[in-house]
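Written out below as structure tokens is the structure these notes cover.
The values are calculated or read from the model by the stated rules, or taken from the named source; none is laboratory data. Owing to the predicted nature of the structure, the values given are computational and were not obtained by experimental measurement. Cβ atoms come from the backbone with ideal geometry, glycine included; neighbour counts cover every protein chain shown. For the accessible areas, the whole protein counts, side chains as well, though only heavy atoms, and no ligand, DNA or RNA atoms are used. Shrake-Rupley method; radii C 1.70, N 1.55, O 1.52, S 1.80 Å.
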Amino acid sequence: MRLVKVLGSITSTIKDPTLKGFKILLVQCIETDLKGRQEYFVAVDTVGMGEGEIGLIVTGSTAKRTEVTKKKNVDAAIVAKVDRIDLE
Amino acid sequence: MRLGRAIGNVVSTIKHERLAGIKLMVIKPVGPQGDLEGRKIIVADYLNTASGSLVYWIENGTTICKVMGRMSIPLRGCIVGQVDKIDLEKGRRVIDG
């Protein structure tokens, strides 16, 4: 899974029919020190993320392994909201 | 999915049979500030996307086969949505698709 920060939400009317009704977010990959990296994903939100919040995404076919995204044509989904990271 | 700008079309008459009839577009990866260093790639489009539109696409093979309704297509990217706008959190900047 990847650590990401939610940058904003995407409005998209013309899209694959299976994506109807999804909250679609633009997220940025971040390091554990929360510094942003030049890597972005468009991910379906399955846990109700707010803007600026930190979360975990899964990419590839595993993105379809939640009840919300099963049989949907997605390959990136936010599956967890991060409260805190404790490092050694 | 990944964010990008559709910047052109690819015409290819001689190609793998299972690519027949599939529209191919050139995509430039894009971040919220516009450009990204990533190299341009070629993806399939079935949403009648116009060149210049901001889009997002999937890279996962099995999903692409399902979208295209054909098994084992030699294809590594397919547009699944066009962006109307992105509401960015800091400074409320909005990117129009």
*Would it be correct to say that A:Phe41 is under 15 Å from B:Val83 (Cβ atoms), modelled with pLDDT under 95 and open to solvent by less than 60 Å² (accessible area, probe 1.4 Å)?*
no
_Restricting to the range B:3-31, name every residue that is open to solvent by 30 Å² or more (accessible area, probe 1.4 Å) and assigned to a loop (DSSP other than H, G, I, E, B)._
B:Val11, B:Ser12, B:Thr13, B:Ile14, B:Lys15, B:His16, B:Ala20, B:Gly21
*From A:Glu67, A:Glu51, grab the single residue that is surrounded by fewer than 16 Cβ atoms within 10 Å (Cβ to Cβ) and farther than 23 Å from B:Ile95 by Cβ.*
A:Glu67
*Any residue in the range B:1-18 that's free of Cβ contacts under 8 Å to residues at least 40 places away in the same chain: show its pairings with residues that are assigned to a loop (DSSP other than H, G, I, E, B) at Cβ separation under 6 Å, as long as the two are six or more apart or on different chains.*
none
*Looking at (1) under 24 Å from A:Leu7 (Cα atoms); (2) outside any loop (DSSP other than H, G, I, E, B); (3) at the interface with another protein chain (Cβ under 8 Å from one of its Cβ atoms), can you tell me which one B:Glu37 breaks?*
(2)
*If you take the residues of the range B:41-77 that are more than 9 Å from chain A (Cβ to nearest Cβ) and in contact with an Asp or Glu (Cβ under 7 Å, 6 or more places away or on another chain), which of them is modelled with the lowest pLDDT?*
B:Arg76
*asked:* Out of A:Leu19, A:Leu56, A:Leu87, A:Leu34, I need the residue that is open to solvent by less than 60 Å² (accessible area, probe 1.4 Å) and either within 14 Å of chain B (Cβ to nearest Cβ) or over 13 Å from the mean Cα position of the chain (by Cα) (or both). Which one?
replied: A:Leu19
_Residues satisfying the stated conditions in the range A:6-33, i.e. out of contact with any helix residue (DSSP H, G or I) (no Cβ under 9 Å at 6 or more places or on another chain), assigned to a loop (DSSP other than H, G, I, E, B) and within 17 Å of A:Asp75 (Cα to Cα)_ = A:Lys20, A:Gly21, A:Phe22, A:Lys23
*Return the pairs, sorted by first residue and then second, in which the second residue is buried (at least 19 other Cβ atoms within 10 Å of the Cβ) and part of a helix (DSSP H, G or I), the first residue lies in the range A:52-70 and is of a type in the set (Val, Ile, Thr), the beta carbons are less than 7 Å apart, and the residues are 6+ apart or on different chains.*
A:Thr69/A:Ala63
*asked:* Just to be sure before I move on: is A:Ile24 aliphatic (A, V, I, L, M), within 9 Å of chain B (Cβ to nearest Cβ) and more than 9 Å from the chain's Cα centre (by Cα) in the structure I sent?
replied: no
*Across the range A:40-73, what is the number of residues that are in a loop (DSSP other than H, G, I, E, B) and under 20 Å from A:Gly21 (Cβ atoms)?*
15
*Which number in (1) outside any loop (DSSP other than H, G, I, E, B); (2) open to solvent by 40 Å² or more (accessible area, probe 1.4 Å) marks the one condition that B:Ser72 misses?*
(1)
*Could you list all residues from the range A:72-87 that are free of Cβ contacts under 8 Å to residues at least 40 places away in the same chain and either within 20 Å of B:Val80 (Cα to Cα) or among the basic types (Lys, Arg) (or both)?*
A:Asp75, A:Ala76, A:Ala77, A:Lys81, A:Arg84
